[in-house]
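Quick notes on the structure that follows.
We did not get these values from a lab; they are worked out from the coordinates using the rules stated. The structure presented is a predicted model; accordingly, all values stated were derived computationally and were not measured. Positions of Cβ are generated from backbone atoms using ideal geometry, with glycine treated the same way; all protein chains shown enter the neighbour counts.
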Amino acid sequence: MSTVPVTLACWDYDRTRALADGTVRPAGVALTYLNLPVEETFFRMLRHREFEAAEMSLSSYVTHVGCTAEPDLVAIPVFPSRAFRHHGIYVRGDSDLVKPADLLGGVVGVPEYQLTANVWIRGILADRHDLPVDAVRYRTGGMHEPGRVEKQELDLPPRIEVEPIPPDRTLLDMLLAGEIDALYAPRTPRPMLAGDTSVRRLFRDPRVEEERYAAETGIFPIMHTVVLRRDVYAARPWLARSLYSAFEQAKALTEARMGEVAANPYMVPWLTDELERTRALLGPDFWPYGLDANRTTLAVFLRYAHEQGLTPRRLAPEELFVPETHESYVI
């Protein structure tokens, strides 16, 4: 039986490991799984469309759909990366800032304005912590290395001020020098990883804030989705469902493995307790794929994207994903 060659660029996740090692094979597909860092995957797919399929920043994809007359990427409702983001707001260790509203009128560094993590952070702070999106000024650039630029051209409203930092500077340097007041970022600043107290999180106990947010909203923020080039999908629409089903199978294998208690497969001492705690807060299927199970989370993100000037109108969740994946069949 002939199969269609498909190259998928995706990072090394436990929930996709079975696709990477061939334990799960998408029906009708000869899959090449390229394990690449997410920033590299996003850049290469957005700039050059190098792969048939790829993990993709949710924000980048939403901006592409919302701002392009004929988008040449389509998506399936698979979400390999999710994360709460209250812990991603950083200030100097000696800063007198103690709550988000203290940033009113200040300057905030962001690696890129359109990063999914930053869309969530800005939206959550506006909704729940009295810090409107346009109440601060944004500066973009590399956090640890100079020269980072936005992967996509943005057309933001004048009320939102976004400017790049000098090409020889980094956001971390500017934070430590007091030239910016805070940093929103998906990665932890290196000084904190090294135990240096020159940088700290704005929220003193971010897990408490994140669990409160989850309990009150039911939202586990989505970071990434999976896209296909439109020409690949148009030639063989069945590929979308085949890949979607394979991602589901791979995730199910990981979920089953996490339930093993006789010999812990992961280096987390209290894994069983963490699973019980997470399921009590987020439900038994706390990492769902599919449109219906994620409709509320997606709708909130799409509202944030529009309010923050990334899309000219508010998209509906259905507009993001190919119709073959909108429903599931029942036997």
What is the residue count in the range 194-222 for residues that are closer than 14 Å to Ile124 by Cβ and not small (Gly, Ala, Ser)? 14
Specify the residue that is nearest to His64 (Cα to Cα); the eligible residues are those in the range 24-53 that are among the basic types (Lys, Arg) and not in a loop (DSSP other than H, G, I, E, B). Arg47
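Give the residues of the range 1-14 that are over 14 Å from Leu243 (Cα atoms) and not acidic (Asp, Glu), sorted by residue number.
Within the range 1-14, Met1, Ser2, Trp11, Tyr13 qualify.
Limited to the range 56-72, what total is found for residues that are under 13 Å from the mean Cα position of the chain (by Cα) and more than 15 Å from Phe321 (Cβ to Cβ)?
The qualifying residues number 3.
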Report, by residue number, each residue of the range 113-144 that is within 16 Å of Ile180 (Cβ to Cβ), in contact with a Lys or Arg (Cβ under 7 Å, 6 or more places away or on another chain) and not small (Gly, Ala, Ser). Ile121, Met143, His144
Name the single residue, out of those in the range 114-135 being outside any helix (DSSP H, G or I) and touching a residue at least 40 places away in the same chain (Cβ under 8 Å), that is farthest from the chain's Cα centre (by Cα). Gln114
If you go through the range 87-111 one residue at a time, how many are assigned to a loop (DSSP other than H, G, I, E, B) and buried (at least 22 other Cβ atoms within 10 Å of the Cβ)? 1
Give the range 260-297 a look and list any residue that's farther than 20 Å from Leu19 by Cβ and of a type in the set (Gly, Ala, Ser), or say none. Ala262, Ala263, Ala280, Gly283, Ala293
Give the residue that is farthest from Leu131 (Cα to Cα), with candidates limited to residues of the range 283-314 that are hydroxyl-bearing (Ser, Thr, Tyr) and part of a helix (DSSP H, G or I). Thr296
For Leu183, state whether it is touching a Gly at 6+ places or on another chain (Cβ under 7 Å), surrounded by 12 or more Cβ atoms within 10 Å (Cβ to Cβ) and either within 23 Å of Ala305 (Cα to Cα) or not basic (Lys, Arg) (or both). yes
Give me the pairs, please: first residue somewhere in the range 284-297 and at positive phi and touching a residue at least 24 places away in the same chain (Cβ under 8 Å), second residue anywhere and surrounded by 13 or more Cβ atoms within 10 Å (Cβ to Cβ) and assigned to a helix (DSSP H, G or I), beta-carbon distance under 8 Å, and either six or more positions apart or on two chains. Gly290/Thr325
